[in-house]
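Engineer: The structure under discussion is supplied below as structure tokens; questions concerning it will follow.
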Number of protein chains: 2
Amino acid sequence: MTDRTSNIVASLDIVEEKRLLDLSQEIGDSVFAIKINWPTILACGKQIISKLGKYSRIICDLKIADVPNTVNLIMKQIETEKPYAVITHLFTGEDSLKTLMDNEGGIRVIGVASMSNSGAKKYLNPNYASLIKDANSAGCYGIVGPGNDYKLLSEMSKIKGNMKIFCPGIGAQGGNYRGAMNSGGDYMIIGRSIYENPSPLKYILNLEKS
Amino acid sequence: MTDRTSNIVASLDIVEEKRLLDLSQEIGDSVFAIKINWPTILACGKQIISKLGKYSRIICDLKIADVPNTVNLIMKQIETEKPYAVITHLFTGEDSLKTLMDNEGGIRVIGVASMSNSGAKKYLNPNYASLIKDANSAGCYGIVGPGNDYKLLSEMSKIKGNMKIFCPGIGAQGGNYRGAMNSGGDYMIIGRSIYENPSPLKYILNLEKS
């Protein structure tokens, strides 16, 4: 891996292993990290995490949202694959988060302080300030903030402390790379605009110049 | 499978495939269903769902909590294994829930209207009435209610409509089988008290007589 300075996280929700590995080999060096979610792990098995780790930092977007005992059991299964970071929900409360931090096994923890879908405005996003406080107190590495809601993202960036903000919602969900950066986002999570693109590497390199 | 009348859901958070299959063969006929969660799927692969389906109804406790597109991709991966039901979070909002219901592929949907850990009292559980309303409107088969908080469970049972209440928190987390039933719970989710028991089948049969 080269010394990458990109702030793009490629969210590769691909379920065909060969296609995923080929694309990761092509772009892995040119992005900050590759993010995968449950669909890929269900299709390819958890070993896909360490296989992809050859090409880039891997963020496992598990959106963990369970009781402490289950959180611990999930982390025990994931730590063998040595991802760079995992994404967890925070709304399940401080006991679940504390158990996760106590069992992170060297894996960075990114907490969901808001989501980019419209439904999240009802229960989740109104609690963003308190969720950010929880994440900071627990020692999280980062938080998730919406790349398609600049007002909320800007408010989150003011209270994030030393944590990094990872922004989904760019591209297919309406957010803009430069707009989200200007609103305080640190890393831009981009999915379909990369993996449905006929020239994904070119798209990434052009985006950073945009 | 015999015609089971049990209301016990055995929550088998076991990651050794042979031990899980052996125990499921032993007790599968004597419980309403077997529930598995991500630790088991991570350890054994998603095919464990259909393998266990030979012995009992299988409830996949995925606690899905993501944006609509990812919800859809998760269900596409799960439906090939034909579980009896999946458990999803509801707090991610109505768009995610609608996408799940539109893609359930014949799998029953159980929504988390509250959780049994103490941390859930901060953000999740105060919204139980509204979450139950969302689940009912969307056509969910059931909801999750705490088997260790009889007051909350009783309140939930009054507004559940035709949905079934599945109760974790029995045993290791402090709830009592008969107490949760008397508070309006329909199905009792029991984990460690079964799979850490030297005589799990005897424990189950005795519990129903208790």
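One line per residue, one yes/no per condition, for (1) β-branched (Val, Ile, Thr); (2) in contact with a Lys or Arg (Cβ under 9 Å, 6 or more places away or on another chain):
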| site | (1), (2) |
| --- | --- |
| A:Asp22 | no, no |
| A:Glu26 | no, no |
| A:Asn37 | no, yes |
| A:Val67 | yes, no |
| A:Glu81 | no, yes |
| A:Ile87 | yes, yes |
| A:Leu90 | no, no |
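Engineer: Now for a separate question. Just the residues that are open to solvent by less than 20 Å² (accessible area, probe 1.4 Å), in contact with a strand residue (DSSP E or B) (Cβ under 6 Å, 6 or more places away or on another chain) and in a loop (DSSP other than H, G, I, E, B), please, taken from region B:141-158.
Structural biologist: Within region B:141-158, B:Gly145, B:Gly147 qualify.
Engineer: Next question, about the same structure. Hey, does region B:56-72 have a residue that's surrounded by fewer than 24 Cβ atoms within 10 Å (Cβ to Cβ), more than 30 Å from A:Leu124 (Cβ to Cβ), modelled with pLDDT of 95 or more and among the hydroxyl-bearing types (Ser, Thr, Tyr)?
Structural biologist: no
Engineer: Out of all the residues in region B:71-94, which are under 24 Å from B:Ile189 (Cα atoms) and hydroxyl-bearing (Ser, Thr, Tyr)?
Structural biologist: Of everything in region B:71-94, those that are under 24 Å from B:Ile189 (Cα atoms) and hydroxyl-bearing (Ser, Thr, Tyr) turn out to be B:Tyr84, B:Thr88, B:Thr92.
Engineer: Can you name every residue in region A:42-55 that is more than 7 Å from chain B (Cβ to nearest Cβ) and open to solvent by 10 Å² or more (accessible area, probe 1.4 Å)?
Structural biologist: Passing the criteria: A:Cys44, A:Gln47, A:Ser50, A:Lys51, A:Gly53, A:Lys54, A:Tyr55.
Engineer: With the structure loaded, tell me whether A:Ser96 is open to solvent by less than 40 Å² (accessible area, probe 1.4 Å), part of a helix (DSSP H, G or I) and either within 11 Å of chain B (Cβ to nearest Cβ) or more than 30 Å from A:Gly179 (Cβ to Cβ) (or both) or whether it fails that test.
Structural biologist: The answer is yes for A:Ser96.
Engineer: List the pairs whose first member sits in region A:1-13 and is at pLDDT 95 or above, whose second member is basic (Lys, Arg) and open to solvent by 10 Å² or more (accessible area, probe 1.4 Å), and whose Cβ atoms are under 9 Å apart, counting only residues at least 6 apart or on separate chains?
Structural biologist: From region A:1-13, the pairs are A:Val9/A:Lys35; A:Val9/A:Arg57; A:Ala10/A:Lys35; A:Ser11/A:Lys35; A:Ser11/A:Arg192; A:Leu12/A:Lys35; A:Asp13/A:Lys35; A:Asp13/A:Arg192.
Engineer: Scan (1) touching a Ser or Thr at 6+ places or on another chain (Cβ under 7 Å); (2) assigned to a strand (DSSP E or B) for the single condition B:Gln173 breaks and write down its number.
Structural biologist: Result: B:Gln173 fails condition (2) only.
Engineer: Restricting region B:176-200 to residues that are within 13 Å of chain A (Cβ to nearest Cβ) and in a loop (DSSP other than H, G, I, E, B), which is most open to solvent (accessible area, probe 1.4 Å)?
Structural biologist: B:Glu196
Engineer: Among the residues of region A:139-155, count how many are within 17 Å of A:Asn117 (Cα to Cα) and touching a helix residue (DSSP H, G or I) at 6+ places or on another chain (Cβ under 7 Å).
Structural biologist: 7
The values are calculated or read from the model by the stated rules, or taken from the named source; none is laboratory data. All of these numbers come straight from a predicted model, not from anything done at the bench. Positions of Cβ are backbone-derived with ideal geometry, glycine not excepted, and every protein chain shown enters the neighbour counts. Ligands, DNA and RNA are stripped out before the accessible areas are found, and what is left, the full protein with its side chains, is counted by its heavy atoms. Shrake-Rupley method; radii C 1.70, N 1.55, O 1.52, S 1.80 Å.
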